[in-house]
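Please treat every number below as a calculation from the coordinates, not as lab data. Keep in mind that this is a model prediction, so the values were computed, not measured. Note: ideal-geometry Cβ built from the backbone for every residue, glycine included; neighbour counts use all protein chains shown.
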């Protein structure tokens, strides 16, 4: 069988390695969060900034972060995660942390403290206070959206890089097994670099390997028929 004829099988095999590598990334989530930890640091930073002076009891910063971490690790819809984060931060607003939150959100500290005091006491807000509370809601939406989008991008890129690492590692070991010689002879050999190349191609090819191999197989068959 020529190299051209075997190309669809080669692509399918490389794609299968990529799929297995992504499976290893998913398996890592069983160990202290694994790949789930990628990106959440960005969310933690913005939540800490927005919960300065949070109460020591009730809805504390730790409880907010634990809730958001659970949603992030469980893969809750991103829009829902943003909404939950904003609701928890707003729910934690009280007279003791109003000044700190106002400084972070760029609002009038005295006005936001008045808002927090009235909300805590169940008092109806004045129009100017309602406007301040609405601006707080808008500011939180912007800040949380930016943090979650950034975190999601970091997670996507990070898991791809991790999958590529696993694919290269498995391909490297596989090449050594096929080579069948001593490890020292395998290092810097032609087979080693072929294995590394296969590992590098595995994760980009994984999502399209099946369609690409089928298309190539059809193209090869078509050309053979045309030549006949």
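Observations
- Any chance residue 7 is in contact (Cβ under 8 Å) with a residue 24 or more places away in the chain, in contact with a helix residue (DSSP H, G or I) (Cβ under 8 Å, 6 or more places away or on another chain) and closer than 17 Å to residue 144 by Cβ: no
- The range 170-206 - residue that is assigned to a loop (DSSP other than H, G, I, E, B) and in contact with a helix residue (DSSP H, G or I) (Cβ under 8 Å, 6 or more places away or on another chain) and, of those, surrounded by the fewest Cβ atoms within 10 Å (Cβ to Cβ): 189
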